[in-house]
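Peer 1: Here's a structure for you.
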Amino acid sequence: MNPQNFFDTHDILLLDGATGSHLIAKGLPTGECPELWNISHKKQVQEIAVMYFTAGSDAVLTNTFGGSFLKLSSYGLQNRTHELNYAGARNAIEVKPSGRFVFGSIGPCGKILLPYGEVSEDEVTDSFRLQAKSLADAGVDGFMLETFLDIRELLCAVNAVKQVCELPFLASLTYQLTPRGFYTMMGTGIEEEVAILIETGAFAIGSNCGNGIANMVQVGQQLRLASGAMKLLLKPNAGEPVLKDGVTCYTEDASDFKKHFFELGALKPLILGGCCGTDAEHIRTLRQLIDKTNNKP
Ligand SMILES: [Zn+2]
């Protein structure tokens, strides 16, 4: 089965929850490259994938969010781009139950595009292409291009994926609620996202991070209005981050997600998951709710 066939018989595909906070809980020190753990702490990385598959995720993401050549260069690890991404994909694929999926996670490169910043679109595309090729070679079922604040950088990632394979990709921006509505940091609104991303042939388009479940329902409703019958991706945070005794905590638990599930269900076809602060309990709760509604006649 591939992700496309999945939607012949289902309305909602369930992704995983947060990865970074679980790596930290397992001992990832501040300032260490999370992708390095794909080699140095393979067991701990695989435990997170197993946790989400067990909680009911139809697909988990690879621990490669910061695995682009440019992002790894901030740790001096750019020469290990292939190795770290390939291992990240294999870690998840090795524990994947049959009938489930692994999507290669690709996040921002950490640098700002010209003319505001220092890198060209060609450099950024090249940087993502190395990453995408390694993930594809390792056998991912598709890609999750996530947490982009600049739609131009997201388009570089889209082009990079298309240059190396024909696998499906999910394309996702992060929005902030402003007095004028939801906009990315670089000023893209929801209708503009839809107009631009539909043209790319994305498997799903949507939003992750930056918002808790209530705001994300609104983002989803606006995406649905603008996109017609397109598959939408929604991956809310567990509410707002708050600092408690020097530790970042999040304010929404699984019951908050449950409260809004009825509104989410109206937005099908959907790819749902959790971003920062979410854990296996959020995913288990969504699994139970989805299983009550997810069968197409
Ligand atoms: Zn997040």
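The values are calculated or read from the model by the stated rules, or taken from the named source; none is laboratory data. Keep in mind that what you see is a predicted model, and the values were worked out from it rather than measured. Here Cβ is always computed from backbone atoms with ideal geometry, including for glycine, and neighbour counts include all displayed protein chains. Accessible surface is based on the protein model in full, side chains and every heavy atom, while ligands, DNA and RNA are left aside. Shrake-Rupley method; radii C 1.70, N 1.55, O 1.52, S 1.80 Å.
Peer 1: What are the residues whose amide H is under 5 Å from the amide H of Ile112, where those residues sit 5 or more places off or on another chain and H is modelled from the backbone?
Peer 2: Glu118, Val119
Peer 1: If you don't mind, another one. Give the cross-link partners of Lys259 among the lysines, using a straight C-alpha distance below 29 Å as the criterion and excluding same-chain residues fewer than 8 apart.
Peer 2: Straight-distance partners of Lys259: Lys231, Lys235, Lys244, Lys268, Lys292, Lys296.
Peer 1: A further question on this structure: Got a sec to turn the phi values of region 251-264 into Karplus ³J(HN,Hα) couplings, 6.51 cos²θ - 1.76 cosθ + 1.60 with θ = phi - 60°, whole Hz, x for Gly and Pro?
Peer 2: My calculation for region 251-264 gives 9, 10, 9, 4, 5, 5, 5, 4, 4, 9, 5, 4, 5, 5 Hz in order.
Peer 1: May I pose another question? Region 1-77: which trypsin sites (Lys or Arg not before Pro) are DSSP loop and have at most 16 other beta-carbon atoms within 10 angstrom? Write down the numbers at each step before the final one.
Peer 2: Working: sites: Lys26, Lys42, Lys43, Lys71; in loops: Lys26.
Those that pass, being in a loop and sparsely packed, are Lys26.
Peer 1: May I ask for the distance between the Cα centers of region 20-95 and region 159-198, given as a whole number of Å?
Peer 2: Here the two parts' Cα centres lie 24 Å apart.
Peer 1: A follow-up question, please. Between region 232-283 and region 96-148, what is the separation of their alpha carbon centroids in Å?
Peer 2: 23
Peer 1: Oh, and also: Amide H of Gly17: which non-local residues (sequence gap of 5 or more, or other chain) have their own amide H closer than 5 Å, using H built in the peptide plane?
Peer 2: Gly274
Peer 1: Leaving ligands and nucleic acids out of the surface, order Cys165, Cys109 by accessible area at 1.4 Å, largest first.
Peer 2: Values: Cys165 25, Cys109 0 Å².
Most to least solvent-accessible, the answer reads Cys165, Cys109.
Peer 1: What length, rounded to one decimal in nm, is gained on full extension from Ser73 through to Ala229, with 0.36 nm per residue of separation minus their alpha-carbon distance?
Peer 2: Working: separation 156, 0.36 × 156 = 56.16 nm, distance 3.96 nm.
Gain on extension, Ser73 to Ala229, equals 52.2 nm.
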